[in-house]
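Coordinate-derived values only; no laboratory data. Values in this document were obtained by computation on a predicted structure and should not be read as measured data. So basically every Cβ, Gly included, is an ideal-geometry build from the backbone, and we count neighbours across all protein chains shown.
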Number of protein chains: 6
Amino acid sequence: MGAAMVPPMKDLHEFNEHRKRMNERILSCGHQGLKRFWALDSRAYEAGALDEKTLEFMGLTTSMVLKCDDCVTYHLVRLVQLGASDEELYEALNVSLIVGGSITIPHIRRAFETIDACRELQKTDPELKSLL
Amino acid sequence: MGAAMVPPMKDLHEFNEHRKRMNERILSCGHQGLKRFWALDSRAYEAGALDEKTLEFMGLTTSMVLKCDDCVTYHLVRLVQLGASDEELYEALNVSLIVGGSITIPHIRRAFETIDACRELQKTDPELKSLL
Amino acid sequence: MGAAMVPPMKDLHEFNEHRKRMNERILSCGHQGLKRFWALDSRAYEAGALDEKTLEFMGLTTSMVLKCDDCVTYHLVRLVQLGASDEELYEALNVSLIVGGSITIPHIRRAFETIDACRELQKTDPELKSLL
Amino acid sequence: MGAAMVPPMKDLHEFNEHRKRMNERILSCGHQGLKRFWALDSRAYEAGALDEKTLEFMGLTTSMVLKCDDCVTYHLVRLVQLGASDEELYEALNVSLIVGGSITIPHIRRAFETIDACRELQKTDPELKSLL
Amino acid sequence: MGAAMVPPMKDLHEFNEHRKRMNERILSCGHQGLKRFWALDSRAYEAGALDEKTLEFMGLTTSMVLKCDDCVTYHLVRLVQLGASDEELYEALNVSLIVGGSITIPHIRRAFETIDACRELQKTDPELKSLL
Amino acid sequence: MGAAMVPPMKDLHEFNEHRKRMNERILSCGHQGLKRFWALDSRAYEAGALDEKTLEFMGLTTSMVLKCDDCVTYHLVRLVQLGASDEELYEALNVSLIVGGSITIPHIRRAFETIDACRELQKTDPELKSLL
């Protein structure tokens, strides 16, 4: 419910700062396994047989059916950076809703808030360069 | 943990406002599939072979085992509106706890806070008409 | 897919024998915690503020959204024993489908097979006394 | 483990027959909600802002992280029908594995068996017209 | 994201107060089943064939793969009280990450914040006696 | 239900053969990401700050609460190879049951069958060298 009470742009930057700071904390903790998983995770979304946008759409929808708000925010930002349209995003959220059921609805509400925050931020930062 | 820091009645109204505003946002986005799912979702809880209260109890317990706090809040409010007693609500939460395990406990704590907030609100609004 | 290849009545009895044999195995293993959980589990479905049928409907729908075929079979048999009609069962499965999404569909297919097997068995054993 | 013991092509046809027969059983049961959900589900994968293949890749990966073998089989067959290459399918399975973790591995093993069965069937039925 | 905005020690104490207050509320509600489950839950982590630390590590990793932040916080505090080293905690989080996938990453970020808050609190309260 | 119908030892060897054959199939498919994940997965259970047995107990309990029968079978075999006693295994299953709820019961039944099959196999192969 918090997202409704702060200006949306601030929220995306806060999310981004927190994500970056904690990733650095974890990657410098000295555990090789954690570090390698982080690397594998990044590489999974790099273009290969499938293009980046298709891979990110899989990231978005799997995150949604597993109800991970932070993961959904991340993939929505990436998809907006890659030029996804609102209609494409809505269609992906619709697949997630059908697959995952009404239990995804609160997360879909927050996803729409994130999409709106991205579009607002694009007015001054069209490629969302200030994020991720 | 937020619910502990604000007066409980305000929290229920904030939840309600956010839910309503975002539902309107989604239903006016132009995607037919999302709209139809929302309609199917509402219809699933309308009395048919089973009465409304039994259907809402299924909504409550399935939401609890899938650990969806917002869904639990919604169904608790509906059940209080339909006249469910504390004892009935506790029994339903107990089934959820047995089925879903200790992992539901933090959500059961929050459900008790919501029940208490509903009972508090009923002192001035007995049928919770100000909600949903 | 197995259920489609054996006569359905045999399947219900096999399920029942396996469930009984393994429960006995577990309850005689000497671990108090397991034994107490089994007792708590049974008690959760005994009539209290809510009647047995409502409690079983919660058991059915929570099992369905958590995609537990064996649990679904158990609660369907119990509900048929308690006199639930096909229409009531379909309505409960519909709530599960809305809450849990299309991912429940394979389990709903198997639930319909179980309902049909129960109705078939009722021709010679109207109260399903040979089960559970 | 069964899939390893029967010739793979027979398995795909058995899956298909069972799926079709039970869908018919459910759609003729008289419950409007179930019928409408089935329709919404089909429509979610029809080309709109996103093409059919991208939508099916979302269906595949969400099914995999939710560990639904039957759903995975369905979307793999559809993707092979739409011309997806092995490399594309492996990349999608890799995203699912990263998102869903090692717990998806048994389902990924079965997905590889399904891919191999599809490629085998394509030798006599290149567009898998005998399925779905 | 809230944890990043308040001093970490305060957060652990708030978590602790809320947990205690709501446990008391639930245990005094008069429902025997809930009370017995709480008792079974405590007993499950008492040393028997396995020592307390091993049992708590199972509590931590199962909570993490089921993405329950409050449960993770609880088991991390317990493990620090039992003398677990950072290296042991990181290794347990690594197993959770491998088993549960990238979807656990936001929860692993918050777990690292909790570990850091515990280490900070240990400067003035070495055995975390002010918690749990 | 199948496990009840075949001699248990044969079942463990079949599981083992299938697992090995499909792992080889996947690791030779040419996708680097899949190969690296398999390596990371193996390494996560190698002794470091925590010993092998503790790591395997985490593997067992996380697999159980995520209801992955094949993963549970694998970790039970590993734990028996590492000398775990029945009492230790029962205690770990009890933690899983408390955390994951009654929905794990069918999987706990199958876990007991696997334990019994391992003990039977140990009569001729005390260290289960014929497995994994």
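So here's what we get for this one:
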| quantity | calculated |
| --- | --- |
| Per residue Cα convex hull volume in Å³ - calculated over the range E:14-81 | 97 Å³ |
| Cα pair distances of the protein assembly as shown binned at 20 Å [whole percent] | 16, 53, 30, 1 |
| Protection proxy ranking, peptides A:22-29, D:115-122, B:121-128, average beta carbon neighbours within 10 Å, highest first | D:115-122, A:22-29, B:121-128 |
| Förster-model FRET efficiency, 25 Å R0, E:Leu27 and B:Asp125, C-beta, rounded to 0.05 | 0.30 |
| Protection proxy ranking of D:76-85, A:59-68 - average other beta-carbon atoms within 10 Å, highest first | A:59-68, D:76-85 |
| Phi to ³J(HN,Hα) by Karplus 6.51 cos²θ - 1.76 cosθ + 1.60 over the range B:51-62, Hz, x for Gly, Pro | 7, 4, 5, 4, 5, 5, 5, 5, x, 5, 6, 5 |
| Under the Karplus curve 6.51 cos²θ - 1.76 cosθ + 1.60, θ = phi - 60°, whole-Hz ³J(HN,Hα) for the range E:30-37, x wherever Gly or Pro sits | x, 8, 5, x, 4, 4, 5, 5 |
| C-alpha center-to-center spacing [the range A:74-130, the range D:43-112] in angstrom | 21 Å |
| Proxy reagent accessibility, fewest Cβ within 10 Å first, across F:Glu91, A:Glu113 | A:Glu113, F:Glu91 |
| Dipole axis of the range B:9-122 (+1 Lys, Arg; -1 Asp, Glu on Cβ), positive-most option in B:Leu76, B:Pro106, B:Tyr45 | B:Tyr45 |
| For chain D, size of Cβ-based charge dipole, Lys and Arg +1, Asp and Glu -1, in debye | 560 debye |
| Average beta carbon contacts from partner chains per residue of B:23-31, 10 Å cutoff | 4 |
| Free-standing Cys residues across the protein assembly as shown, given no other cysteine C-beta under 4.7 angstrom | A:Cys29, A:Cys118, B:Cys29, B:Cys118, C:Cys29, C:Cys118, D:Cys29, D:Cys118, E:Cys29, E:Cys118, F:Cys29, F:Cys118 |
| Cα-centre dipole for the protein assembly as shown with unit charges at Cβ (Lys and Arg positive, Asp and Glu negative), debye to 20 | 0 debye |
| Paired Rg and Dmax values of the range F:6-132, which use every Cα atom, in angstrom | 14.9, 43 |
| Shielding by partners, peptide B:46-54 (average Cβ within 10 angstrom, other chains) | 5 |
| Kirkwood-based Rg to Rh ratio, the range E:50-122, C-alpha trace | 0.93 |
| The protein assembly as shown: calculated mean residue ellipticity at 222 nm from DSSP helix runs of at least 4, using -39500 (n - 2.57) | -23000 deg cm²/dmol |
| Average beta carbon contacts from partner chains per residue of F:78-88, 10 Å cutoff | 2 |
| In order through the range E:104-110: 3J(HN,Hα) via Karplus (6.51 cos²θ - 1.76 cosθ + 1.60), integer Hz, x for Gly, Pro | 8, 4, x, 6, 5, 4, 5 |
| Reachable lysines from C:Lys20, criterion Cα separation under 16 angstrom, eight or more residues apart if same chain | C:Lys10, C:Lys35, C:Lys129 |
| Cut-off 14 Å between beta-carbons: net charge of the residues surrounding C:Asp125, Lys and Arg +1, Asp and Glu -1 | +2 |
| 15 Å beta-carbon shell around B:Leu40, net charge (K/R +1, D/E -1) | +2 |
| Mean separation of Cα contacts under 8 Å (6+ apart) over length of chain E, as relative contact order % | 30 percent |
